[in-house]
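Trainee: My questions all concern the structure below.
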Amino acid sequence: STRNGIERGFLTCYSALTLSLFLALSNANPVTSQQLRRTSPSSTIHRVSSKAVTDRIRRRVVLNNARQKTVASQVAMPSEIGVRPVNTMEDMLKAKFEKYAPEKREPTVEVMKRAISEQIEAMNGNRQLRPVQLNADQLDNAYGVAEAITDEYAKTFSLGLRLMEKEKQKAVWAIYVWCRRTDELVDGSIASHITPTTLNKWEERLDKIFEGYAFDALDATLADTAAKFPIGKQGFKDMIEGMRMDLYKSRYQNFEELKEYCYRVAGTVGLMTTPVMGISKDSVMSDTEVLNSAVALGIALQLTNILRDVGEDAQQRDRIYLPLDELADFGLTEADILSGKVDDRWRDFMKFQIKRAREYFAIAKSGIASLDPSVRWAVWGAGMVYGEILDAIEKNDYDNLTRRAYVPRWRKFQLLPVALVQTLLMKPQKD
């Protein structure tokens, strides 16, 4: 269909952006301002000729014909840069049992505590980072690409961002795109070529970004954001560790393991974005409490993602992001998930999981009133819309094995005024 063609076109375009990260992974040399001028977003991305791609993409990014030289065509194939598939038993055993044995992993609460402490230090310190060496037009083009990617791949999230002031929007676009690219390493078209070594190089690239060096235009947006806002680096590193988990781990024995994963791949986003959002001067919560509530929102969103995608993850990716011990408590097995059969055991199990996700949303809501007033509506609006997915699962009679719950666009817009009223009535409170 035309729509499928459009989607494939955009995915081709985005794959080019994703593959561009291998330039830095193989050649650890930052791109100069002059090089970015020659390979700006306007000259390195395919044209996606469709009205379904938003005006923002067409307005900010002049996309060339697919036959022209693109970022993807300039990047060496994975085999040429020393990145190979993890396909030997020796590699698998080493990764799974030697380096990543569960008993060796730091407790999640300690991981979070360390990252929050580092973030507070960044927020309260007088950090001076090297500004990225780009002019205003180059940065504007780069942020335009980041905006387009955010709009396409995080529609609910992007809707909430529209309620923020422009500079904060841009910063969150930059953070989202970095997170998206990081996720694509282990869950995208090049995932079979990714090893822990690749992620180590990606982490080294992150260090350079925080020093003000850009390896491509999208890196430049994060370098610029880090120079303007007091965002800590540990949350980004913790997310990369979450991607390392995805390389070897497809089952979670208990909620402690799952919570660590949720923190690393989503709770960290709360840490990254809170310094951009800003904490209200009227807050009666400590910075630690505010950041904990921000992490809770990320965990709530990830738990919701997991519950929405249970069937798809299990049947298409052989991944079960549910605590296996809790499955057993309700008399369920992996085979029950793969069968796609919804019975009373499954409904009771889902009620328990949904209740927990809502508890994390409640923790998150307690911290919204401590954020800067200008962002409360945006943050809680996105949270409310996402929380509605849980309602949709219930309306589907808890069938998330063969059906995918979603929130219609009209309902999203219907919820925004409700979120506005709720945020106006919010009073700063202790957790």
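The values are calculated or read from the model by the stated rules, or taken from the named source; none is laboratory data. Owing to the predicted nature of the structure, the values given are computational and were not obtained by experimental measurement. Quick reminder, even Gly has a Cβ in these numbers, built from the backbone with ideal geometry, and neighbours come from all protein chains shown. When the accessible area is computed, the model is the full protein with side chains, heavy atoms only, and any ligands, DNA or RNA have been set aside. Shrake-Rupley method; radii C 1.70, N 1.55, O 1.52, S 1.80 Å.
Trainee: Counting Lys and Arg as +1 and Asp and Glu as -1, each charge on the Cβ, what is the dipole of the stretch 160-301 about the Cα centre in debye, to the nearest 20?
Mentor: The dipole magnitude comes to about 240 debye.
Trainee: Take the alpha carbon gyration tensor of the stretch 120-219, find the square roots of its eigenvalues, order them as a ≥ b ≥ c, and report rounded if a/c is under 1.5; if not, report prolate when a/b exceeds b/c, else oblate.
Mentor: oblate
Trainee: Accessible area per residue of the stretch 376-431 at 1.4 Å probe, in Å²?
Mentor: 55
Trainee: Which pairs in the list LYS168/LYS395; LYS228/LYS281; LYS237/LYS355; LYS166/LYS355; LYS166/LYS237 are over 25 Å apart, alpha-carbon to alpha-carbon?
Mentor: With Cα atoms farther than 25 Å apart: LYS168/LYS395; LYS237/LYS355; LYS166/LYS355; LYS166/LYS237.
Trainee: To continue, here is another question. Mind checking the stretch 315-421 for trypsin sites (Lys or Arg not before Pro) that DSSP puts in a loop (not H, G, I, E or B) and that have at most 13 other Cβ atoms within 10 Å?
Mentor: LYS341
Trainee: Give the carbon-plus-sulfur fraction of the accessible surface of the stretch 165-228 in %, rounded to a whole number; probe 1.4 Å, heavy atoms of protein chains only.
Mentor: With neighbouring chains kept in place, the figure for the stretch 165-228 is 45 percent.
Trainee: Pick out, in residue order, every one of the GluC sites (Glu not before Pro) in the stretch 232-273 that is DSSP loop and has at most 13 other C-beta atoms within 10 Å; say none if there are none.
Mentor: Counting only loop positions with at most 13 other Cβ atoms within 10 Å, none of the GluC sites (Glu not before Pro) in the stretch 232-273 qualifies.
Trainee: Another question, if that's okay. Does the stretch 217-296 come out rounded, prolate or oblate by the C-alpha gyration tensor, with a ≥ b ≥ c the root eigenvalues, rounded set by a/c under 1.5 and, if not, prolate when a/b is larger than b/c and oblate if not?
Mentor: Oblate, since a/c reaches 1.5 and b/c is not below a/b.
Trainee: Put +1 on the Cβ of every Lys and Arg and -1 on every Asp and Glu Cβ in the stretch 218-316; which of ILE231, THR304, GLN315 then has its Cα farthest towards the positive end of the dipole?
Mentor: Of ILE231, THR304, GLN315, it is ILE231.
Trainee: Ordering TYR252, TYR321, TYR213 by how much accessible area each has at a 1.4 Å probe, largest first, what is the list?
Mentor: Descending accessible area places them as TYR213, TYR321, TYR252.
Trainee: Continuing with this model, one more query. Please report how far the C-alpha centroid of the stretch 132-158 lies from that of the stretch 283-313, rounded to the nearest whole angstrom.
Mentor: Centre-to-centre (Cα) distance: 24 Å.
Trainee: I would also like to ask the following. When a/c reaches 1.5 or more, the comparison of a/b and b/c decides; with that in mind, is the stretch 239-378 rounded, prolate or oblate per its Cα gyration tensor?
Mentor: prolate
Trainee: Report the accessible area of LYS201, computed with a 1.4 Å probe over the heavy atoms of all protein chains in place, in Å² rounded to the nearest 10.
Mentor: Accessible surface of LYS201 is approximately 70 Å².
Trainee: Considering only LEU163, PHE255, ALA174, whose Cα is most displaced toward the positive end of the charge dipole of the stretch 155-309, charges sitting on Cβ of Lys, Arg (+1) and Asp, Glu (-1)?
Mentor: Of the listed residues, the answer is LEU163.
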